[in-house]
Each structure stands twice: as structure tokens, then as C-alpha cells.
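**Q** Please see the structure below; I have some questions.
The values are calculated or read from the model by the stated rules, or taken from the named source; none is laboratory data. All values reported here derive from a predicted model rather than from experimental measurement. Positions of Cβ are backbone-derived with ideal geometry, glycine not excepted, and every protein chain shown enters the neighbour counts.
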Amino acid sequence: MDAKTDTPTTTEVIARARAMIPALRARAPQAERDRRLPDETVADMKRAGLFQVLQPKRWGGYEMDMSTYSEVQIALAEGCMSTAWVFGVVGIHPWMIALYADRVAEEVWGEDNNTLICSSLMPMGVATPAEGGFRFNGRWRYSSGCEHASWAFLGGGVEGDAADRRLFLVPRKDFEIVDTWNVTGLRATGSHDVVVKDAFVPGYRTQKYVDSFNGVGPGQAVNKAALYRIPFGQVFFRPISTSSIGALQAMLDAFIEYGKGRVNRNYGNRTSDDAMVQLLCAEVAAAIDEMKTILHRNFRNLETYAARGELPPLDLRIAYKFHSSTVSERASQLASRLFKAAGSAGIYADQPFGRIYADIITGRQHLSNQFEITGRTYGATLFGIEGNKDFVL
């Protein structure tokens, strides 16, 4: 099947992602050393049509639902969490393009509907109004997958108007990549800094955060699917935690296989016969099931609101953001327990435990995964207290 012209079923798309797991596992150690995704991996994802899951059909995409997108990401994470992280970030951007004026889609996908976009959403840039648009300057951190991207979404504020914060879309010729990604985990994401110096960005290539918060954009005039009416934040923060689910599953699978043959040298007992290990594995498996169940339920609810042309209530959006951030927290705690249960033999580089654990705890550090912050806001709403509400709701 030609992923660019034929629309597969959701089952087929997920199966394509799952078929990549062995190759991703094999490539993961070298990708970690290289601090970037292999070109072969990006090419494989393009051939499988994975970046088109949320892309409008008018531009060769599949317009599938967020649950399908999440299952693809989870599958990729079972092979390599860095791959899933980049997919989670970069693969969301076709959804965002659908909110922009249609001429933006023409610029990005007119010659290649598999063109990729990276991002850094924090409003670190400064936009100075100019005729027809803005002069744009800034430096941003954490732009995952930027080496494979031809465009970038970058956050910034408009000079002279503190309330006007936007996303600015700039082509590759207008941003520089600065090699800064020397980190503990998720090393293969290549999340380097990007720099823009006095680039002109036309007004139609910007989107106000407040409009995204309200679930509106000029592109909805032609992209009418309910998918494109889910609030920005509910779409964007979930992929930041979802890869942890697949990575935890990978760690559990590896631990079970490892535990079947491991015998404690001091006591002579098999790891698989240890009641505490059995209990731990049961806890991890149940937690993965719970996290996936809540993820899919929440997206079903959001899509129901969108299909009715309604925004979900703010308290629900706050709750769902907390649900998302708890995924990384729970995954990091359970991964820590699996890592410790693997014993001294589990620390060697020929085992995947250390790499997966480092990836999960690094993902936990992302701003959107700070469950203490989102939890305080959610807890305040339970008491009827108005808590902090940021633009990513």
C-alpha cells in the first residue's frame, strides 16, 4: 500500500508501527550514542505513513483519532522511547497545520506531504510588528527531532503587547540548530537548541495561543473534522507522557524474559519464582492497563465535545492534564522498582534496563509532566478554588 495515496485502517497503521519494534530495539543503542534518530528510522516512519495519522485528508493524511495516534506512539516506544518521543512531538504538528490558513499547508506540503516540522512552544521569541507580519528573534531549547525537520513552530510574544503570545512557523532557512543535547536519557531525540535571527514571519503563519486555547483557527473553514476542534493543550501535552507507557511495557517485557532465566547466585532461587517479583510485575501490568484505559476514555470524551461543536469545561481540561502528568510519574516509579529488581546483572549495557529507565525519568522532567504542579491546580478546583490555568489546557 502506498501510504501517500491510500488510506489504511486504524488497525493497519498500528500494525505498521508494531512491525517496526524489532528494528527500533536493534537501533536504539547506536541512536543513543549518536544523539539522534537514525535516518533509516525516520524514513521507515514516513513509508509507514505514521506522520500522516493526524494530517488532513485534503493533504494526503488519514485524519484518524487521537487514540490511534496514541497506540502508534505506544508501539514505537516499546522499541525505542526516543523514537516515540520524536513521533509524539513531530507527528502532532500536522494537526496544528490544519488550524492555520490553508496557504500554510500549501507552503509546507505543496511539494512533499511528508515534510516534517519540529517545535519549541515556550514563548521565548520576540516578534516585532512589521508590514504584513513580524520580525522574529529568539533562542529555544528542547526542539526534538529538529535535524529531520524542514520547518519549526516556535513560541513568542509580540513586542509591546504582553498578552499577545503566538506560535510562529518558520522554514529551515530561517533557523539555526545549535548542538546542545548532552543529557542523561532520551538522548536519541536530538532535542537541540534552535536560533532565529531577524527572520520575517508573515502574519498568516502565526496562531495566537488564546485562539488555540479556544479551539479555533482559520484552517477550520476547510478542515471540518471534529479532530481539529479539540483544544490545543489537550492534543499537545498527552504525547509528552504517552511514550512512557510503551517504554514501561518494554521494560516489563524485557524483565520477564530476563527473569525466566535468572538465578540468584547467593540463594539459588529463580527470579521468576520470587513472590515479590511476581507481585511487582502484576502491579506494572495493571498500571499500564489503567493508564491506557484513562488515556483512551479521555480522548473519546474530548472528541464527543468536539463533534458537538463544544469546548470541554475547564475543570475537565484541568483534570485531564493531571491524568496525563501522572503517567510519567507512575512510570518512573515503577521503572525504578523494575530496575532495582533486576539486580546487579541488570546494570550492564547489553541489557536494556538502564537505557529505558533513563529515558523514562528524563521524560518525567518535561514541564508538562510536573504532576505536582498540575496536581495542585486540579486539587484546588476540587475545593472550588481557582488555580493556575496556563495556555496548554
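**Q** What number goes with the only condition from (1) touching a helix residue (DSSP H, G or I) at 6+ places or on another chain (Cβ under 7 Å); (2) touching a residue at least 60 places away in the same chain (Cβ under 8 Å); (3) not in a loop (DSSP other than H, G, I, E, B) that D253 does not pass?
**A** Of the numbered conditions (1) touching a helix residue (DSSP H, G or I) at 6+ places or on another chain (Cβ under 7 Å); (2) touching a residue at least 60 places away in the same chain (Cβ under 8 Å); (3) not in a loop (DSSP other than H, G, I, E, B), the odd one out for D253 is (1).
**Q** Every residue in segment 157-171 that is outside any strand (DSSP E or B) and loosely packed, with under 14 Cβ neighbours inside 10 Å, please.
**A** Matches in segment 157-171: G160 only.
**Q** Something else about it: Condition first: under 19 Å from R103 (Cα atoms) and either without any contact (Cβ under 8 Å) to a residue 60 or more places away in the chain or part of a helix (DSSP H, G or I) (or both). Now tell me which residues in segment 217-229 satisfy that.
**A** Filtering segment 217-229 down to residues under 19 Å from R103 (Cα atoms) leaves 217-225, 228.
Correct list: P218, G219, Q220, A221, K224, Y228.
**Q** With respect to M45, is the statement that it is surrounded by 22 or more Cβ atoms within 10 Å (Cβ to Cβ), outside the structural domain of D359 (by TED's automatic domain parsing), over 26 Å from I294 (Cβ atoms) and of a type in the set (A, V, I, L, M) true?
**A** Numbers: surrounded by 22 or more Cβ atoms within 10 Å (Cβ to Cβ): yes; outside the structural domain of D359 (by TED's automatic domain parsing): yes; over 26 Å from I294 (Cβ atoms): yes; of a type in the set (A, V, I, L, M): yes.
Answer is yes for this residue.
**Q** Oh, and also: Could you please give the count of residues in segment 300-322 that are hydroxyl-bearing (S, T, Y) and buried (at least 18 other Cβ atoms within 10 Å of the Cβ)? Explain how you work it out, then say what you get.
**A** So the first thing to find is which residues in segment 300-322 are hydroxyl-bearing (S, T, Y), and the list is 304-305, 320.
Then drop every residue that is not buried (at least 18 other Cβ atoms within 10 Å of the Cβ), which leaves 305, 320.
The qualifying residues number 2.
**Q** For segment 1-51, give me each residue that is closer than 28 Å to E111 by Cα, under 21 Å from the mean Cα position of the chain (by Cα) and either at pLDDT below 95 or assigned to a loop (DSSP other than H, G, I, E, B) (or both).
**A** Scanning segment 1-51 gives M20, R36, L37, P38, A48, G49.
**Q** Hey, another quick one. Filter segment 188-215 for residues that are assigned to a strand (DSSP E or B) and within 19 Å of the chain's Cα centre (by Cα) and give the result. Give the derivation first.
**A** Of all residues in segment 188-215, those assigned to a strand (DSSP E or B) come to 192-202, 206-208.
Within segment 188-215, H192, D193, V194 qualify.
**Q** From T128, T180, T115, which residue is polar (S, T, N, Q), at pLDDT 95 or above and within 30 Å of G354 (Cα to Cα)?
**A** Values: T128 fails: within 30 Å of G354 (Cα to Cα); T115 fails: within 30 Å of G354 (Cα to Cα).
T180 is the lone residue from the list that is polar (S, T, N, Q), at pLDDT 95 or above and within 30 Å of G354 (Cα to Cα).
**Q** State yes or no: is G125 under 29 Å from V210 (Cβ atoms) and not in a loop (DSSP other than H, G, I, E, B)?
**A** yes
**Q** Which of the numbered conditions does A105 fail, given that it passes all the others? Conditions: (1) more than 26 Å from D359 (Cβ to Cβ); (2) in contact with an Asp or Glu (Cβ under 6 Å, 6 or more places away or on another chain).
**A** (2)
**Q** I'm checking my understanding of the structure. Among residues of segment 33-51 that are aliphatic (A, V, I, L, M) and touching a residue at least 12 places away in the same chain (Cβ under 8 Å), which one is farthest from V13 (Cα to Cα)?
**A** In the first step, residues of segment 33-51 are kept if they are aliphatic (A, V, I, L, M); the result is 37, 42-43, 45, 48, 50.
After this cut, where a residue has to be touching a residue at least 12 places away in the same chain (Cβ under 8 Å) as well, the list is 37, 42, 45, 48, 50.
On the way: L37: 21, V42: 16, M45: 10, A48: 7, L50: 7 Å.
Going through the qualifying residues, I end up with L37.
**Q** Select from segment 216-239 the residues that are within 21 Å of the chain's Cα centre (by Cα) and of a type outside the set (F, W, Y) and list them in ascending order. Before you say what the answer is, go through the steps one by one.
**A** Taking segment 216-239 and keeping what is within 21 Å of the chain's Cα centre (by Cα), we get 226-239.
Result: A226, L227, R229, I230, P231, G233, Q234, V235, R238, P239.
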